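Below is one structure; the comments refer to it alone.
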Amino acid sequence: MAADNRAKLQNEAEKYLLQGKTFQAIGEYSKIVQNNPEDVLTLNTIGDLYLRMGSTEEANRCFVRVAESYVRNNFFLKAIAVYKKILRADPDNAEINATIASLYAKQGLNTDACNQYLHLAHIHQKTGDRGQVTKIYETIADLDPANAGVQKKLAEIFLAVEEDAGKGRRHLLHAARALAKAKDHQGAIECYTQAATIAPMNLDELKPFLECCLQSGDAPAILEQLNASLEADPDNLDIREMLGGAYLSA
């Protein structure tokens with residue numbers, strides 16, 4: 001489009017706005033976009049004007065086009081800002097929430113990504129979509145493995161299904177390690193204890209469990225597990241040594 005023609009359409013649109021004729025202004029701005037589909041600033045203006053008129057659906061169509069253009073050109077933060085305009089009117093839009101979360105992750109903004117994914121999980125929980133909820137929490141766990149709350153949530157999800165108990169146990173152990181690292185030894189002990197009720201603990205699991213118990217002064221919490229492990233493997237000197245240390249502490 002020739003610059004003078006664009007300027008003419010722009011002026012006409014602004015005149016209509018001054019007269020309070022929003023719909024006519026949109027018509028002039030739309031002519032600009034028809035001639036230059038990549039004019040995202042004008043397209044964004046059209047979206048804002050539709051919002052002013054209460055035409056949310058039309059506005060969101062414009063905003064999606066603007067955001068997608070920004071994504072194609074790797075302007076991810078600008079795209080996020082535009083997508084958030086859509087969420088103001090439709091906060092539980094699963095597709096838009098998922099898109100924003102993935103864009104945050106691409107930028108390395110893992111905390112923001114996790115928060116967005118948590119909201120997305122809440123949306124799917126309300127619809128009872130267990131598969132999507134599980135997938136989202138697994139994504140959060142990949143972004144933030146030390147998030148004990150997410151690990152415990154995954155454990156809860158998997159333990160609800162008998163054949164997934166092994167996965168649930170693994171997430172309990174991940175949660176226990178994360179809690180121990182955060183110095184929440186009692187929380188870690190609870191997760192280790194629950195994991196031990198699902199399957200016997202191996203040596204690599206017993207050692208951090210014992211360390212948590214010694215740190216918290218709650219050695220009796222592991223005595224039963226150590227005795228059971230020693231009964232299963234009476235010649236294991238490592239287990240005997242840990243059991244001795246636990247008794248001394250107790």
*With a cut-off of at most 12 other beta carbons within 10 Å, and DSSP calling the residue loop, which trypsin sites (Lys or Arg not before Pro) in the stretch 162-241 qualify? Please list them.*
LYS183
*Whole-number Å³ per residue for the convex hull built on Cα positions in the stretch 62-161*: 92 Å³
*Setting aside same-chain residues fewer than 8 positions from LYS135, which aspartates and glutamates have a Cα under 16 Å from its Cα?*
GLU95, ASP144, GLU156, ASP164
*With only alpha-carbon atoms counted, please give the Rg and Dmax of the stretch 79-130, in Å.*
10.7, 30
_Could you tell me the center-to-center distance, by alpha carbons, between the stretch 84-144 and the stretch 187-250 in angstrom?_
38 Å
*Keeping all protein chains in position, work out how much accessible area TYR247 exposes to a 1.4 Å probe, and write it in Å² to the nearest 10.*
120 Å²
*Quick one: plug the Kirkwood hydrodynamic radius of the stretch 181-250 (C-alpha pairs) into Stokes-Einstein at 20 °C, 1.002 mPa s, and report D in µm²/s.*
180 µm²/s
*Coil-residue GluC sites (Glu not before Pro) of the stretch 1-96, DSSP, other Cβ within 10 Å capped at 14*: GLU38
*Accessible area of HIS122, 1.4 Å probe, to the nearest 10 Å²?*
90 Å²
*Hey, what's the Kirkwood Rh for the stretch 104-151 if you take every pair of different alpha carbons, in angstrom?*
10.7 Å
*So which of LYS167/LYS207; LYS152/LYS183; LYS106/LYS183; LYS8/LYS78; LYS8/LYS31 end up more than 19 Å apart, counting from Cα to Cα?*
LYS167/LYS207; LYS106/LYS183; LYS8/LYS78
*Per 5 Å bin, what is the whole-percent P(r) computed from every C-alpha pair distance within the stretch 1-115?*
2, 12, 20, 19, 16, 13, 7, 6, 3, 0
*How large is the helix-only mean residue ellipticity at 222 nm for the chain, computed as the sum of -39500 (n - 2.57) over DSSP H runs with n ≥ 4, divided by its residue count, in deg cm²/dmol to the nearest 500?*
-26500 deg cm²/dmol
*Going from most exposed to least, what order do ARG6, ARG52 have by accessible area with a 1.4 Å probe?*
ARG52, ARG6
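Please report, in debye to the nearest 20, how large the charge dipole of the chain is about its Cα centre when each Lys and Arg carries +1 at its beta carbon and each Asp and Glu carries -1 there.
Result for the chain is approximately 1380 debye, rounded to the nearest 20.
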_If I build a Gaussian network model for the chain, linking alpha-carbon pairs within less than 10 angstrom, which residue out of GLY217, GLY20, GLY149 has the largest mean-square fluctuation?_
GLY20
_Solvent-accessible area, 1.4 Å probe, carbon plus sulfur percent, for the chain_ = 49 percent
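The values are calculated or read from the model by the stated rules, or taken from the named source; none is laboratory data. Computed from a predicted structure; not experimentally measured. Positions of Cβ are backbone-derived with ideal geometry, glycine not excepted, and every protein chain shown enters the neighbour counts. With ligands, DNA and RNA removed, areas are computed over all heavy atoms of the protein, side chains included. Shrake-Rupley method; radii C 1.70, N 1.55, O 1.52, S 1.80 Å.
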